Amino acid sequence: MPRLSACGGRNSAFDDFKTAHGQSKQGDYIAMLVDSEDPVANVDKTWEHLKTRDNWDKPAGAADEQVLLMTTCMETWIVADRAALKEHYGHKLQESALPPLNDLESRNRHDVHDKLAHATRNCSNAYAKGKRSFEVIGVLNPTALSSLPAFSRMTKVLNNKL
């Protein structure tokens, strides 16, 4: 069974990935799930994106399939599942304040986050990074996210590897 490890910030996640990748055994699948932070030109060329954006060098022997990107951020996934948002936040959710669903992964991460926070501002459990963000992401329906190219790629990669 897969094991997830929360690593903190993105640089910590990269450091932990490099360590785990370097210590992996034949047949292990080690992956890193991070926000892309910016729109991705080609969802299959993950290391190219990370080199351009963060100046991260691909570890020796690593493959693009080992990087799973939330493009551009975890809030993109959250706003993509309107049914889960309505269920989680209730009638005070201002759905009209959310970003449109078309081309969602091409939107600026700050814009997506700010619109989600604004749409939930009147809710007793208003959106915030941290515990609340993980509560929401835990109830998302993968089918609702299947229109997101990076999420679809991640699903395909994981189905092949696990």
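The values are calculated or read from the model by the stated rules, or taken from the named source; none is laboratory data. None of these values were measured; they are calculated from a predicted model. Neighbour counts are summed over all protein chains in view; Cβ atoms, including those assigned to glycine, are modelled from backbone coordinates with ideal geometry.
Summary table below
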{"quantity": "First in the stretch 138-160 and surrounded by 13 or more Cβ atoms within 10 Å (Cβ to Cβ), second anywhere and modelled with pLDDT of 95 or more and polar (S, T, N, Q), Cβ under 6 Å, 6 or more apart", "calculated": "Ala150/Thr71; Ser152/Ser146"}
{"quantity": "Subset of the stretch 110-153 [under 17 Å from Val40 (Cβ atoms) and among the aliphatic types (A, V, I, L, M)]", "calculated": "Val112, Leu145, Leu148, Ala150"}
{"quantity": "Failed item, numbered, when Leu116 is tested on (1) modelled with pLDDT under 95; (2) in contact with a Phe, Trp or Tyr (Cβ under 7 Å, 6 or more places away or on another chain)", "calculated": "(1)"}
{"quantity": "Condition check for Gly61: at pLDDT below 95, surrounded by fewer than 20 Cβ atoms within 10 Å (Cβ to Cβ), closer than 27 Å to Lys161 by Cβ and not β-branched (Val, Ile, Thr)", "calculated": "no"}
{"quantity": "Of residues in the stretch 87-117 being more than 20 Å from the chain's Cα centre (by Cα) and surrounded by 12 or more Cβ atoms within 10 Å (Cβ to Cβ), the one farthest from Leu148 (Cα to Cα)", "calculated": "Lys92"}
